[in-house]
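Inspection log for the structure reproduced underneath, given as structure tokens.
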Amino acid sequence: MLEELIDFAQGHKIEVRTEKFLREVGYHVHSGSCRLRGKKLIILDRELSVKEQVALLVDEIRRTLPTPSDLPPHLRSLL
């Protein structure tokens, strides 16, 4: 499911990266989306469970593409 969501996002010109975040005292990093050089980017914490990564990716896709009609039905139910 995670790979399908990543492929879907990338098909809509949203780059998805999974990264290992550095964690230091007083430095709180979390997954999310941003724009980088005018392009939409979603960064997922590699240390999160697959279930958590799917949930975060679904939330970001929902915010970016409110009505993704071309999303396969089994994934659309997640939105």
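Any read-out appearing in this document is the output of simple, stated calculations on the displayed coordinates, not a laboratory observation. All figures in this text were calculated on a predicted structure; none of them were measured in a lab. Because the Cβ atoms are built from the backbone with ideal geometry, glycine has one as well, and the counts that use them run over all protein chains shown.
Counted by Cβ distance under 14 Å from Val50, the other residues give a net charge of -3, where Lys and Arg count +1 and Asp and Glu count -1.
Computing percent of Cα pairs over 22 Å apart for the structure here picks out one of (1) 31; (2) 23; (3) 65, namely (2). Between the helical axis of 50-64 and the longest alpha-carbon principal axis of the chain there is an angle of about 70 degrees.
When the chain is treated as a GNM with alpha-carbon contacts under 10 Å, the residue of Val54, Val29, Val16 showing the greatest mean-square fluctuation is Val29.
Please arrange Glu24, Glu19, Glu60 by counting, for each residue, the other beta carbons lying within 10 Å of its beta carbon, fewest first. Spell out each step's value before the answer.
Working: Glu24 7, Glu19 12, Glu60 22.
In increasing order of surrounding Cβ atoms, one gets Glu24, Glu19, Glu60.
Annotation: the residues Phe21, Phe8, sorted from fewest to most other C-beta atoms within 10 Å of their own C-beta, follow the order Phe21, Phe8. When shorter helices are ignored and each DSSP H run of at least 4 residues is given -39500 (n - 2.57), the per-residue value for the chain at 222 nm works out to -10500 deg cm²/dmol. Paramagnetic label reach from Glu15 (point 7 Å along Cα→Cβ; backbone nitrogen cut-off under 11 Å): within the range 33-75, residues 35-43.
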